[in-house]
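*Asks:* My structure is below; once you've seen it, I'll send some questions.
What follows draws every value from the coordinates through simple rules; no lab data is involved. None of the values given here were measured: they were computed from a predicted structure. Reconstructed Cβ throughout: ideal geometry from the backbone, glycine too, with neighbour counts over all protein chains shown.
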Amino acid sequence: MAPSPNPAPSFPDSQSGASHYAVLKLSSAATPQELRQAFRHLSKLYHPDTTQLPPQAAQSSFARLQLAYATLSDPTRRRAYDQERALVATPYLPTVGPPEPGPAAGRRVSVRRALSGGEWLALLLLGVALILSLVLGLGVAWARGTALITQPSWAVDGVDRVDGAPEPPMDPVLPQTAQAEPPADADAPP
């Protein structure tokens, strides 16, 4: 018995999860020209009018082929499809152990971490600057001959002036009420 001119093609099952690239029998790096050529070649094999597959299988296979070509021939749809495949291909590793209680909604969780080398350097420079400014201030005061410790003027009783003479105590200020003075001649007509 001679083989038939169009043998029944074996088409990937749509329920098996075959990718659009597998449907078109291409790699994911296929160019638009290769996509067109593969679609034209496979559409001749899987078209319901030219295949030896049962009518239902031929229709579903051809519809899957058309969907694969429509998705991969459009650059934006192809990019989205490739991203979706990449997400599905990444394995999901569940966490081991009970889940940690999360923070209340809207609250930030502070995370304590070790200081970096740059942060340690900044703290060191800040400390050195503080010590140097203290030494410089004390050195300038010593060089001028000023007393390093003086009693504030408000702590000394009765002495408010530099020359040491006490100021006389001040009289308390009494509030004066504003009164309208009567005119000198109240009986005189205006």
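*Asks:* How much length is gained if the chain between ALA22 and THR150 is pulled fully straight, taking 0.36 nm per residue apart and subtracting their Cα-Cα distance, in nm to one decimal?
*Replies:* Taking ALA22 through THR150 to full extension adds about 37.0 nm, to one decimal.
*Asks:* From Cα pairs below 8 angstrom and at least 6 apart in sequence, can you work out the relative contact order of segment 14-89, rounded to a whole percent?
*Replies:* Working: 51 pairs, mean separation 24.8, N = 76.
This gives 33 percent for segment 14-89.
*Asks:* For segment 14-89, with only Lys/Arg (+1) and Asp/Glu (-1) charged at the beta-carbon, what is the dipole magnitude about the Cα centre, in debye rounded to 20?
*Replies:* Details: 9 positive and 5 negative charges, 19 e Å.
So the magnitude is around 100 debye.
*Asks:* Counting C-alpha atoms alone, how compact is segment 14-89: give Rg to one decimal and Dmax as a whole number, in angstrom.
*Replies:* Just the Cα atoms of segment 14-89 yield Rg and Dmax of 12.7, 38 Å.
*Asks:* Roughly what would the spin-label model give for GLN56 and SER73, points 7 Å off Cα along C-beta, in nm?
*Replies:* 2.9 nm
*Asks:* What is the extension gain from LEU138 to ALA80, computed as 0.36 nm multiplied by their sequence separation minus the C-alpha to C-alpha distance, in nm to one decimal? Before the final figure, lay out the partial values.
*Replies:* Working: separation 58, 0.36 × 58 = 20.88 nm, distance 7.00 nm.
Contour length minus Cα-Cα distance gives 13.9 nm.
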